[in-house]
1. When the helices in the chain are scored as -39500 (n - 2.57) per DSSP H run of 4 or longer and the sum is shared across all residues, what 222 nm value do you end up with, to the nearest 500 deg cm²/dmol?
2. Using a Förster distance of 30 angstrom, determine the FRET efficiency expected from the C-beta separation of residue 108 and residue 45, and round it to 0.05.
3. Once you place label points 7 Å from the Cα toward the Cβ at residue 84 and residue 27, how far apart are they in nm?
4. Below 8 Å between Cα atoms, with a sequence gap of 6+, how large is the relative contact order for the chain in percent?
5. Calculate the spin-label point distance for residue 56 paired with residue 74, positioning each point 7 Å from the Cα along the beta-carbon direction, and give it in nanometres.
6. What Rg and what Dmax come out for region 5-94 when only alpha-carbon atoms are used, in angstroms?
7. For region 31-36, take each phi angle, set θ = phi - 60°, evaluate the Karplus expression 6.51 cos²θ - 1.76 cosθ + 1.60, and give the result in whole Hz per residue in order, putting x for glycine and proline.
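FYI, it's all coordinate maths here, none of it is from the lab. Because the structure is predicted, anything quoted here is derived from the model rather than measured. Virtual Cβ from ideal backbone geometry, glycine too; neighbours counted across all protein chains shown.
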Amino acid sequence: MTVKPQDDHDQDERLVAGFIRYEGMENRSPRTRRTNGYVLGSLSRFLNGRGKTILTAERDDIRSYLWRGQRKNRTKQGELCVIRSMYKWLRISHGITSDPTIFISVERD
């Protein structure tokens, strides 16, 4: 069976929705959950454009996402924090073994 890109995007949407639900159980504010959902949805679309998913992303994919366009390092740091949190959740709840955010750092402004 061949997985279609739309199926990949649907899988990413389910993972993001699960992470946002988890954040709700951890008492994150609605604003934080909306912002994090936006960041992760944007990451999913970016990866989908590269033929990847959240589960198949590699370190270079995450770096490329963070360094797209001209944005402040503070923005990149915030996005990296959200993405790292999601991969930590995926390791704990879904048993994934790889984390593409390891060894990525963003300098302070």
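1. Working: 4 runs with 71 residues, N = 109.
Counting only the DSSP helices, I get -22000 deg cm²/dmol.
2. Details: r = 28 Å, r/R0 = 0.92.
Taking R0 as 30 Å, the efficiency between residue 108 and residue 45 is 0.60.
3. Inter-label distance under the simple model: 2.3 nm.
4. Working: 71 pairs, mean separation 28.0, N = 109.
About 26 percent, as a whole number.
5. Here the answer is 3.7 nm between the modelled labels.
6. When restricted to Cα atoms, region 5-94 yields Rg and Dmax of 12.6, 34 Å.
7. Computed from phi, the couplings for region 31-36 are 5, 4, 5, 5, 4, 5 Hz.
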